[in-house]
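Every number in this text was worked out from the coordinates using simple rules, so none of it is lab data. What you are looking at is a predicted structure, and each value in this text was computed from that prediction instead of being measured. Cβ: placed from backbone, ideal geometry, glycine included. Neighbour counts: every protein chain shown.
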Amino acid sequence: MYIKEFRIKNFRNFDDAGIILKFHQGVNAIVGENNAGKSAIISALRIAVSIIQYKKDIYFTKTDFHIDAKGVLANEAQFDIYLADVPKYLIEIWKPGTDEGEYHIRFFLTKNEAGKERIKYSIWGGEAEGNQLSADTLEAINLVYLGALRDAENEMRPNRNSKIANLLGALAATPELKEDLVNELVKANNALLQKEPISKIREIINKNLVSIEHEVLHQQIDIGFIDPKFDSIASSLRTWILPRWSFVDKTSKYFSQIKERCSTHKDLVDEDAEGIFLDVKKYSEIFGEIDEEEKLYLKAISRFSFDLFQNGLGYNNLLFISTVLGDMSLTQEDILLNLLLAEEPEAHLHPQLQSLIYQFFKEQIEKSSTLQIIFTTHSPTLTSQLKIDNVNILCNYNRRTQSFSLVDSKLNSPEKNYLEKYLDVTKSQMLFSRGALLVEGISEAILIPAFAKILNRNLTTYAVEVVNVDGTAFSPFVHVLCNATADGTIIKCSIVTDDDRCTNKSEQDIYISLDHDYDCDKTVLDDICDRLSKGKESDRCKKTMTLCEQSGVDINTAYKTLEFELASKEKNIETILNVIKSLHPTSGARLEELVNNDDKLIYKTIRIWLFIRSHSYDKSQFAQILSKEIEENKDSFIIPDYIKKAIYAVTREEN
């Protein structure tokens with residue numbers, strides 16, 4: 001069983017129109033900027049799932065009711081939970097003839113006879129209100145919540161409610177298993193109490209008591225370790241980190257044989273001038289035939305460990321999550337859904353570990369048919385790992401906080417497959433932005449942020465992401481932002497692309513040959529001018545324009561190419577030539593000489609464009625140097641109009 005849809009109305013920042021979130025079996029993410037409502041969704045899920053459980057740790061309060069823009073407090077709120085793979089015996093929520101089920105909760109604000117406000121709720125299963133829901137249904141859902149500000153160190157600290165204690169309770173689920181552990185503890189206690197230092201403690205204290213009491217009270221004490229009860233065992237468990245590498249000194253009698261054994265497993269050792277560092281755990285696993293004496297030696301050299309407070313926050317976070325998921329995998333057979341709600345599981349983790357935590361989530365899902373994970377995140381690293389359909393985006397749309405499930409995007413199957421393969425960390429950042437500028441190449445990706453600063457439209461300030469689609473495959477990126485539940489794109493979007501006129505070889509009357517170079521004569525320049533004037537947008541550009549028209553996306557095209565547009569402004573030519581000369585001193589100087597001798601601006605523009613075209617291999621370097629030059633000489637560089645329009649389109653204030 002799993003949650004397939006969740007609806008929220010009049011809860012915190014979600015209004016009466018409400019939001020709909022769609023989930024799948026496995027791992028699901030909710031993304032969005034700060035204060036978009038991600039934590040509110042997790043809170044709503046926690047309330048909805050634990051509403052009649054005995055140990056709920058979150059309650060619906062008056063402050064949870066939505067307050068509209070006029071300051072009016074809603075007096076009702078509602079959660080609707082729709083589930084899939086629901087067994088028929090959950091008759092209270094099961095929808096006949098399907099494998100689906102649903103239940104609903106309505107909260108309402110009332111006043112008692114004394115005028116005191118109280119919050120009440122009604123809960124029902126199925127479509128018809130009044131269908132009573134018992135505790136049995138919700139007890140089939142096991143909920144674990146990982147908060148954004150979780151304190152892994154304290155959660156793992158020895159006590160009866162620690163995560164380690166919970167895990168032991170799940171593993172030792174029967175009275176027989178618990179009794180067996182207690183018996184072992186009693187044996188260990190008795191054996192230790194017979195040791196002379198400990199028996200001496202008892203003797204000394206009792207002797208002193210007799211001296212103090214003078215045999216009046218006749219009090220005696222006994223001494224022991226932890227109380228021989230299962231709860232005592234669970235509450236005393238602690239974790240610590242064992243180092244991977246332990247040092248084997250050259251003077252050790254085991255040094256030679258360990259080194260000899262590892263000659264065929266060089267990954268187990270790392271040599272040092274005074275000995276070797278040994279991966280003791282792997283060594284013991286591979287060479288299981290080692291004798292007891294050597295085992296004791298290995299145990300002795302690996303005794304050094306780190307307590308949790310000595311670890312970094314990230315590693316403790318991983319340890320905490322590992323323990324929680326271990327506990328969930330061992331729950332009772334009557335649990336139909338193990339629901340893990342996590343806020344920012346990437347907290348304190350560097351990007352590589354974020355990828356690993358997602359892989360870990362996937363592995364746990366594959367092991368357990370009852371596990372469903374829903375997390376909020378600010379991490380493009382995590383988001384880029386997910387299936388497109390398993391992402392919900394929260395954003396401000398039409399002055400309302402709305403949720404858009406990417407399962408409802410207008411992506412077709414090939415586009416979806418393309419994005420899931422190529423939506424890397426950089427590109428997935430657009431899902432967290434307020435606006436996206438889609439560009440076809442590295443030059444635009446480098447230069448446009450510099451242009452935006454000149455226009456006092458810093459893209460970072462406006463939360464706009466520049467996405468380099470590495471070619472001309474704009475369609476998947478546009479369609480992922482187009483949703484069946486929205487008009488246009490869910491965030492502001494603009495495409496910047498070249499019109500690439502005169503590139504079709506079949507149109508011989510206007511095609512500009514790749515054989516032309518920057519040092520051509522004026523006859524060739526005149527011919528190129530003529531062809532450019534007759535040229536039209538390329539088929540690729542026309543296709544992109546049609547895509548934008550159908551999707552409500554702003555598109556801005558360069559006359560021929562970005563470099564052509566930049567060089568078409570007389571004021572820009574000196575700066576561009578200086579950049580070219582820094583990269584190509586000899587040929588750049590020759591280009592400068594030819595340009596200075598040209599009497600028409602169009603000739604100069606064509607020569608510079610032809611030069612850059614023939615040196616396309618260093619376009620990124622050209623753009624990087626040019627962006628620095630532009631930022632240092634803001635007033636002396638003219639930004640092409642089509643780029644200005646694109647920047648203004650994604651940084652405009654909403655009406």
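One table, with the values for the structure above:
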quantity: Relative contact order of the chain, defined on C-alpha pairs under 8 angstrom at six or more residues apart (%); calculated: 13 percent
quantity: FRET efficiency estimate (nearest 0.05) - Cβ-Cβ, D527 to N596, R0 25 angstrom; calculated: 0.70
quantity: The chain: antiparallel DSSP beta bridges as a percent of all, rounded to 5; calculated: 60 percent
quantity: The chain shape via C-alpha gyration tensor axes, a/c threshold 1.5; calculated: oblate
quantity: Relative contact order computed over region 65-156 (Cα-Cα under 8 Å; 6+ residues apart), in percent; calculated: 19 percent
quantity: Summed residue charge, Cβ within 15 Å of Y121's Cβ, Lys/Arg positive, Asp/Glu negative; calculated: +2
quantity: Q550/L192 FRET efficiency (R0 51 Å; Cβ-Cβ; nearest 0.05); calculated: 0.05
quantity: Extension gain (nm, one decimal) between I67 and F360, 0.36 nm per residue minus Cα-Cα; calculated: 101.5 nm
quantity: Partner lysines for K56 [C-alpha distance under 23 Å; skip if fewer than 8 residues away on the same chain]; calculated: K4, K9, K38, K120, K163
quantity: Neighbour cut-off at most 12 other Cβ (10 Å), DSSP loop, trypsin sites (Lys or Arg not before Pro), region 79-117; calculated: K88, K116
quantity: MRE, 222 nm, helices only [DSSP H, n ≥ 4, -39500 (n - 2.57), over the chain, to nearest 500]; calculated: -12000 deg cm²/dmol
quantity: Exposure rule at most 12 other beta-carbon atoms within 10 Å, DSSP loop GluC sites (Glu not before Pro): the chain longest free segment; calculated: 334-652
